[in-house]
Amino acid sequence: MNAPDTPFPFDAAIAAAVAKIEPRVVAWRRDFHQNPELGNREVRTARIVAEHLRALGFDQVQEKVAHTGVVGVLKGGLPGPVVALRADMDALPVKEEVDVPFKSQVKTEWNGQHCGVMHACGHDAHTAMLMGVAEVLAGMRDRIPGTVKFFFQPAEETPPIGENGGAKMMVQEGCMKNPDVDAVFGLHVTSIFPTGMIGYRSGPLMASADDFRIFIRGTQTHAAMPWRGVDPIVVSSQVVLGLQTIVSRRMNITHEPSVVTVGVFQGGVRHNIIPDEVKLEGTIRAFDEEQRNEIHEHVTRITEMIAKSGGATANVHIHRWYDVTINHPGLTEWSIPTLSRIAGEQNVKVIDKVCGAEDFSFFQKEVPGFFFFIGCTAPEKDPSTAAPNHSPRFFVDEKCLTLGVRSMAGLTLDWLAANAG
C-alpha cells in the first residue's frame with residue numbers, strides 16, 4: 001500500500017498507535033525502574049527487549065552485542081535508506097530516595113563497593129520509549145520506505161573498571177553495518193526542562209569527557225622537620241592551582257568553553273607525618289577536539305614542571321572517554337520542522353551547551369546524527385529546583401514518554417520518506 005498523498009502521511013497513524021500503547025510504555029518504564037541493572041549487567045532488560053522485538057516480527061534480532069546490547073532490524077515494505085535509533089539501558093550505582101510504588105530496592109556491588117542501583121538518569125524511560133517506537137513502526141511496516149535499526153545500548157554510564165562496553169564497542173562489533181546505517185537519532189530526558197519541551201543545538205552539544213589521575217611523589221618525613229623531606233601535599237596544592245590556569249589563561253574561551261576540575265585529593269594517614277605520595281583525580285571537559293588535546297598537553301606539562309620545581313616527581317595518567325557529541329548541522333536543521341510539528345513550535349528551543357557527556361558521539365562519528373533532549377519535570381513544578389539527572393531524587397514525569405515515542409517515530413518516518421528513492 002502506498003503512502004497517501006498528504007504532506008505528512010504518517011502523523012495520524014503515529015498518533016493513533018502511540019495513544020494505544022501508552023499504558024504499555026508506562027508499564028515497561030516502571031518495570032525497568034523497579035529492576036535496574038548496571039552497565040554490562042543489563043541481562044534482564046536486554047532479554048525483555050529482545051523478546052519484544054521478536055514478538056513484533058523483526059527481521060533480525062541480535063543479542064549480546066557489546067556484552068548485553070540488542071540490535072533489531074525492521075525492514076519496511078518499500079525500498080529506501082537505513083536509519084538507526086538508539087536507547088541506553090543501564091542504571092547508576094545510586095540508592096533511590098524517591099517514594100514511588102515502583103521504587104528500586106536493588107543492591108549490588110560496583111567496582112568493589114556495595115551500592116544501591118537506580119535509574120537516576122532516565123535510561124528506563126529511553127528503553128521503554130524505543131520499545132514503543134518499535135511497536136508503532138512494526139504496525140505500519142508495509143508503508144515504511146526503508147529500514148530501521150534499533151540499538152538498545154548497554155553501559156552508557158561507562159562499564160566497570162577493566163571492561164570495555166557502550167556505544168564504542170557496539171560500533172566496533174559492527175552495529176552500523178549489514179545493513180549500513182545512513183543516519184542515527186537519539187534522545188535524553190532531562191529534569192531541567194518541563195514536560196512537553198524539546199531542547200536541541202546544532203554542532204557541539206555535549207562535551208567530551210576524560211579523566212586524569214596524578215601521583216605526586218615526594219619524600220616522607222616527620223611533620224615537625226619538613227626540611228628533611230619533600231612535601232607532596234604542598235606540591236600537589238600548587239599543581240591544583242596551576243591546573244586552574246589552563247582554562248583561564250591557555251584556552252580561547254571565545255571559541256569554546258572547557259573545564260578542568262580536580263575532584264580527589266588524597267594523601268597522608270597521620271597529622272604529624274608528611275607522606276611520600278599524594279593522588280589527585282579529576283575530569284576534563286571540552287567542546288572542541290583540538291582544544292581537548294591541548295588541555296591534555298597542558299595538564300601533563302604543568303603538573304610535571306611544578307612537581308620538578310618542588311623537588312618531587314609526577315606521573316600523569318589521562319584516560320580518554322567520550323568524544324564531543326556533535327549534532328550534524330544539516331540533519332539538525334532538517335529535524336526541527338518535524339519536532340516543531342509534533343511538540344508545537346513554541347516548545348522546541350535551542351539550548352546552551354551541556355558539559356555532561358554522551359557516548360552517542362561514537363555513532364555520530366560514523367554517520368550524521370542528531371541528539372536532543374526532552375523535558376521530564378511536571379508543569380506544576382519548577383525545573384530550576386527539580387533534582388537533576390544522577391541525583392537519588394531524580395524523578396521522571398511519565399507524561400513525557402509519549403512525546404518521546406512520537407518524536408522518534410516521526411523523525412524516523414519523515415527522514416526515510418525524504419531520502420527514499
Limited to region 302-336, what total is found for residues that are among the charged types (D, E, K, R) and within 21 Å of LEU243 (Cα to Cα)?
-> 3
Can you name every residue in region 347-382 that is open to solvent by 60 Å² or more (accessible area, probe 1.4 Å) and under 20 Å from ASP397 (Cα atoms)?
-> LYS349, PRO379, GLU380, LYS381, ASP382
Filter region 203-236 down to the residues that are without any contact (Cβ under 8 Å) to a residue 12 or more places away in the chain and not basic (Lys, Arg), then identify the one that is farthest from VAL299 (Cα to Cα).
-> MET225
Restricting attention to region 242-267, the residues that are assigned to a helix (DSSP H, G or I) and without any contact (Cβ under 8 Å) to a residue 12 or more places away in the chain number exactly 2
Tell me, yes or no, whether region 110-131 has at least one residue that is among the aromatic types (Phe, Trp, Tyr), in contact (Cβ under 8 Å) with a residue 24 or more places away in the chain and not in a loop (DSSP other than H, G, I, E, B).
-> yes
Confirm whether VAL324 is open to solvent by less than 80 Å² (accessible area, probe 1.4 Å), within 22 Å of the chain's Cα centre (by Cα) and under 30 Å from GLY165 (Cα atoms).
-> yes
Residue in region 311-330 that is within 18 Å of GLY218 (Cα to Cα), small (Gly, Ala, Ser) and part of a helix (DSSP H, G or I) present = no
Which condition number does GLY199 fail, the rest of (1) in contact with a Leu (Cβ under 9 Å, 6 or more places away or on another chain); (2) of a type in the set (Gly, Ala, Ser); (3) on the phi < 0 side of the Ramachandran plot being met?
-> (1)
If you go through region 231-241 one residue at a time, how many are assigned to a helix (DSSP H, G or I) and either among the acidic types (Asp, Glu) or open to solvent by 10 Å² or more (accessible area, probe 1.4 Å) (or both)?
-> 6
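The values are calculated or read from the model by the stated rules, or taken from the named source; none is laboratory data. Being a predicted model, the structure only gives us computed values, none of them experimental. Neighbour counts are summed over all protein chains in view; Cβ atoms, including those assigned to glycine, are modelled from backbone coordinates with ideal geometry. Calculation scope for accessible area: heavy atoms of the full protein, side chains included, ligands and nucleic acids excluded. Shrake-Rupley method; radii C 1.70, N 1.55, O 1.52, S 1.80 Å.
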